[in-house]
Structure formats: C-alpha cells, structure tokens
Amino acid sequence: MTDERWLQALRQLGWAPLHHEAFATCDAEAVWPGRVSRIDRGGWLTVETAQGSRRARQHARFRRVVDALAAPTVGDWVVLRHDPGGGPPVAETILPRRSVFVRNAGDDDRAQPQPLAANIDSVLVVVALTSQYHTRAVDRFLALAWASGAEPVIVLTKADLVDEVEQVRAIARAQAGEIDVVALSGRTGAGLEELGRHLQPGRTVVLVGQSGAGKSTLANRLAGENILAAAEVRKDGRGRHTTTHRQLLRLPSGALLIDTPGLRSVGMWEAAGSLDEGAFTDVDQLAARCRFSDCAHEHEPGCAVQDALASGALTRARWESYRTLRAEADQVARARSQTERARRSGRRRS
Ligand SMILES: Nc1nc2c(ncn2[C@@H]2O[C@H](COP(=O)(O)OP(=O)(O)OP(=O)(O)O)[C@@H](O)[C@H]2O)c(=O)[nH]1
Ligand SMILES: [Mg+2]
Ligand SMILES: [Zn+2]
C-alpha cells in the first residue's frame, strides 16, 4: 500500500494531523496505527486499521492503570505492535486525544472518571420527544459535551409519535443557546438530513442519552442497516438496557458514529470551566457584570444575576441547574486534587 493510499484510509477513519505527528515519533519497526471500535472483557480490543478490522490485546500496563483516563477507550487511536510469537497484535500506546467525553461514574464519596468516547467532533445528546423533557438532565449532558472539546447537539427523537415537536424544540433552543437542535424520527427517517453537517466524511459523532431514547434506532437508520440491536418493543422504563457495549461504526456518509449504552444520569467531571464557557455562557456573562468580582450572587448589592432573576431575563430553573452542576463539578475537582495529593505523598513514602 502506498503512503498516500494508507493515509487516505486512515483519514477515512478520522485520522487527524495531531495523530500523525505523534505517530511519527514512534519506533517505526513493526508498529501501525488503528482506531478502537470496541472493547471486550479480558483486554480484547477491536481495532480498525488501514488494512481492515483486527482483534488486538491491550498491553498489560493498561490493566493496571489507576486513572481510567489513561486506558484505551472507544474512538482512541492506538499504536499496535506485531507479536513476534504469532499471537494477536498488542495495543501499546494511545495517541493524543483531540477530544474525549468523560462522565463521573463514581458516587458522592469517590470521583471516578469514565471516558466514553475519544476523538469526537460532535456529541449528540439524544432525547425522546415521548418522554417529559427534563431541562436539568439535558443540561448535565450538555455541560459534559462542552467539556469534551466536541460540539454538542440536541437530537429529539420519535418525532413521528408526538404532535408537540415544535414546542419542545423551542424549549430546547431556548436552553441551549447557539447549538443545533434537531428533531427527527429514527423510525421513518424524517428530519435526518438536519444532521448532515455533523456526518461529513471522516467526522466522528457519539450518541449519548438515557436508555430507550432511540440511539441505536437512529444509528441503524444512519447506517442503512440493522447493525446494532435496538429494543423491539417499547420498554416499561425499568432499566433494561438494550445496548450493552459502546461501538464505533462507519456510516455510508463517510462519518463515524459511536453508539453507547443508555445512561440514567451522568455525573459531572471537571466540567467547571466548560460550564462558563459552553453550557452557561449566559450566566457567565451576567456574573461578569456584577459589581464585585467575587460576588456570590446572593445578597450582594449590584448583583447582575439577582437582577436578571428579578426581571425574568434568567429563569430560576436555569440558575438552579447551573448552581447544582457547578457545585458538583467543584466537588469533583476538590476530590480529585485530594486523591492526587494522597497518591503523591504515598509515592514519597514508598
Ligand atoms: N416510533 C418511533 N420509535 C422509536 C424511534 N426511535 C426509537 N424508537 C423505539 O424506541 C425503543 C428504544 O429504542 P432504542 O434505539 O433501542 O433506544 P436506545 O437509546 O438505543 O436504548 P439503550 O440501548 O437501552 O440505551 C425501541 O422500541 C425503538 O423501536 C422513533 O424515532 N420513532
Ligand atoms: Mg441502544
Ligand atoms: Zn452577582
């Protein structure tokens, strides 16, 4: 395979200059790059390479990592090495990530990052129009989407089943600011063309959202065939997850899509900065106009946030949503730096 054809094959899988530069510094003997499309138990990976799909093993080092962010996730570019003994290739290194969607899978006591998808361009937050639209739940997904470094999009599914599509879309638009809000039906395919901008060749999108929202149905529709299992009948909502694995697929449009299992809720993960810069720029801009730079936005004179709440320019619900996510993100950041300190002092002692 010529270099040019090899590069073209990689670009079709989402290869970016960042990966190319990092790979160029690797020892070039017996190594080649590939993109992780699936992770299975026992350290097995499915990796898409310029020569096709390969089963590979994770290097043992990844199974010992303390920080889950340091292990391969779906969408990662890894460097594979031939096993001289004739066994499967081994994924040795993770190339730098352009973006990564991370949620906190821990609980109140312990923050635990879970990277769900790497090297993504858009995060499609999938919400069924048939369920009550929970602004706060969507806020959470949007905050994490902004933090990922990718572009968030709200995708309202099951448009074929409800009449109030435009009303809900207006609510989502008001909430989301500048981002795209798409309403579609994974069943009939209506509205699918609105996603076109995000599905250009070589671009990667990830579908996130609650179980039953219609992620796999949409993915199958975009793939043009039933690659992924989608629920056959409407679920009773009691936690049967149809999708159990994250998986990266290639779409006929030339885009790459990562389907994920439904998440009941997503915990904040170091999204503090992205709350101000992405999901809640309106709040950030208001806060910048407060008289005191350290304004707590409670009873301070000249508080632009309180003024906006009084005038209705900022809704109480949106403010509460911001405060909840902010407190959670700050808490995670504190817990993380504590863990980090403990780890460092532990290392000194040993
Ligand atoms: N009428 C209609 N039904 C849909 C649509 N999208 C999904 N469904 C149905 O909703 C149910 C759940 O769809 P899935 O695609 O499995 O949902 P999911 O988000 O992948 O769920 P998990 O894999 O559990 O996270 C299935 O019965 C689908 O047939 C749609 O646009 N219109
Ligand atoms: Mg699914
Ligand atoms: Zn203030």
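Farthest toward the positive end of the dipole of the stretch 65-194, out of Val123, Thr135, Val90, is the Cα of Val90, where the dipole comes from beta carbon charges about the Cα centre. Accessible surface area normalised per residue over the chain is 50 Å², counting heavy atoms of protein chains with a 1.4 Å rolling probe.
What is the dipole size for the chain, taken about its Cα centre, with +1 at each Lys and Arg Cβ and -1 at each Asp and Glu Cβ, in debye to the nearest 20?
1360
With Cα atoms defining each centre, the stretch 171-212 and the stretch 73-96 are spaced 32 Å apart in the structure. For the chain, modelled as a GNM whose springs connect Cα atoms under 10 angstrom apart, the maximal fluctuation among Ser122, Ser53, Ser211 occurs at Ser53.
Assuming a ≥ b ≥ c are the square roots of the Cα gyration tensor eigenvalues, decide whether the stretch 45-168 counts as rounded (a/c under 1.5), prolate (otherwise, with a/b larger than b/c) or oblate. Cα axes put the stretch 45-168 in the prolate bin. Diffusion coefficient (Stokes-Einstein, Kirkwood radius over C-alpha pairs, 10 °C, 1.306 mPa s) for the chain: 73 µm²/s, rounded to a whole number. Here's the picture: charge each Lys and Arg Cβ at +1 and each Asp and Glu Cβ at -1 in the chain, and of Val283, Gly52, Ala147 the one pushed furthest to the positive end of that dipole is Gly52. Given in Å, the Rg to one decimal and the Dmax to the nearest whole number for the Cα atoms of the stretch 1-52 are 12.0, 35. Charge tally for Arg55 (other residues, Cβ to Cβ under 15 Å; Lys, Arg +1; Asp, Glu -1): +3. For the stretch 87-167, with all protein chains present and a 1.4 Å probe, just round the carbon and sulfur fraction of the accessible area to a whole percent. Accessible surface attributable to carbon and sulfur in the stretch 87-167 totals 44 percent. Please report, as a whole percent, how much of the solvent-accessible surface of the stretch 293-350 comes from carbon and sulfur atoms (probe radius 1.4 Å). The C+S portion of the solvent-accessible surface of the stretch 293-350 is 49 percent. Around the Cα centre of the stretch 51-209, unit charges on the Cβ atoms of Lys, Arg, Asp and Glu (plus for the first two, minus for the last two) sum to a dipole of about 800 debye. Placing unit charges on the Cβ atoms of the charged side chains and taking the dipole of the stretch 96-247 about its Cα centre, the candidate lying farthest along the positive direction among Gln210, Thr243, Gly224 is Thr243.
The values are calculated or read from the model by the stated rules, or taken from the named source; none is laboratory data. Since the structure is predicted, the reported quantities are computational estimates derived from the model, not experimental observations. With ideal geometry, Cβ positions are generated from the backbone for all residues, glycine too; neighbour counts draw on all protein chains shown. The protein model used for the area step is the full one, side chains on, heavy atoms only, and it has no ligands, DNA or RNA in it. Shrake-Rupley method; radii C 1.70, N 1.55, O 1.52, S 1.80 Å.
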